[in-house]
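Below is one structure, written out as structure tokens, with a few remarks after it.
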Ligand code: HEC
Ligand code: HEC
């Protein structure tokens, strides 16, 4: 049963290592294209992909990653220049040490206003087809300026931000190098942020290392994996990404207030559905759920076992299966936590290529 997993993760890892090596290139090369769309992407090593039932690199064909582009995106991600009063950066709410989420239930915007949703983790984004809890952003590029304009987040007008960037010799040079443009525009601002977000990848947890045959997991960790499997958690937290990139109503409330994806698609069949988060790095990304209502894994498990509102409209049928299983005993819960801890990727949270460059 491990074989399939092993194969998948090995391929994923090799693909990722192409990405990871990106910024180890010398500091001033001409733009180096390391991935450029198509079904294979990557640096052309198709042998990695042809045997794969698993994600291969997905880089937009019209925005190939370059050393200069990613470097620019990283600076923008951490620069407060993007917010209305220049007090907040993307990185203020997406902290590397929390797998790029923020340890709070709701994030504070520049005016101290709280949003209504929990900040999401940022990694392995290239394998998602929609973004935000309610899937309202169809691409990272489309998303890039949305937090800037969001009145309870960075609350700036993109036009004003562009004026600031165009007045900055530092950014003029960086945009020139990355995209060969003299006037910074919204499209290239978005493309630079997209490039950096695409590089945030996570595939080096103990579980990944186990799948690559680099170490053995403990018995407790393995038992925890089996438990979650039997419980049916991997029905939605599936594939090596540990999410299905779909949206579900998990029955958090019988009568939810937040329409979720339904507000995006205007389809009542999507009401109350939210994008499945990955279980990767879940032990460092509390609080949990779109509204951050749970602060511990115990609360989450207790919810699935006892409190899920199975009769909430559009509640997923898979939930019923989860709720039907026996409750975890305390020792099984300890095993599950051991397994979930094995999904924490130290490299993601310590990788200097992802850190604040200022
Ligand atoms: C004030 C805090 C805050 C700031 C600043 C912020 N974000 Fe977010 N981010 C959030 C929250 C909250 C969500 C979830 C919002 C939702 O679903 O409605 C989110 C979601 C995201 C997602 C979606 C991830 C996914 O898996 O769907 C991405 C990508 C993202 N933010 C990138 C950025 C970028 C890039 C910036 C800077 C331009 C930024 N964020 C600035 C709080 C913030
Ligand atoms: C029907 C699909 C489905 C099943 C089955 C499922 N989940 Fe989830 N899970 C989701 C969705 C969707 C969310 C986000 C829900 C929300 O915020 O409204 C979620 C959220 C979570 C979170 C919070 C993660 C975060 O970053 O906020 C954890 C932890 C979690 N699930 C663990 C589990 C465990 C453990 C099981 C098995 C007992 C399980 N899930 C079964 C779909 C599912």
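Miscellaneous remarks
- Stretch gain in nm, segment residue 113-residue 185, where the contour uses 0.36 nm per residue and the Cα spacing is subtracted: 23.1 nm
- Dividing the convex hull volume of the alpha carbon atoms of region 59-203 by its residue count gives 106 Å³ per residue.
- Taking other C-beta atoms within 10 Å as the exposure proxy, 123, 98 rank 98, 123 from fewest upward.
- In Å, descending, principal axis extents of the Cα set of region 209-346: 48, 28, 24
- When you count the other C-beta atoms within 10 angstrom of each residue and take the mean per peptide, 271-277, 217-223, 103-109 line up highest first as 271-277, 103-109, 217-223.
- Value of relative contact order over region 171-285, rounded to a whole percent, pairs C-alpha under 8 Å and six or more apart: 16 percent
- If you take the Cα centroid of region 332-350 and the Cα centroid of region 62-127, the two points sit 24 Å apart.
- Based on C-alpha pairs under 8 angstrom that are at least 6 apart in sequence, region 59-203 has a relative contact order of 31 percent.
- Normalising the average separation of contacting C-alpha pairs (under 8 angstrom, six or more residues apart) by the number of residues puts the relative contact order of region 271-357 at 37 percent.
Where a number appears in this text, it was derived from the coordinates with a stated rule and is not lab data. Note that this is a predicted model, so its numbers are computed, not measured. Quick reminder, even Gly has a Cβ in these numbers, built from the backbone with ideal geometry, and neighbours come from all protein chains shown.
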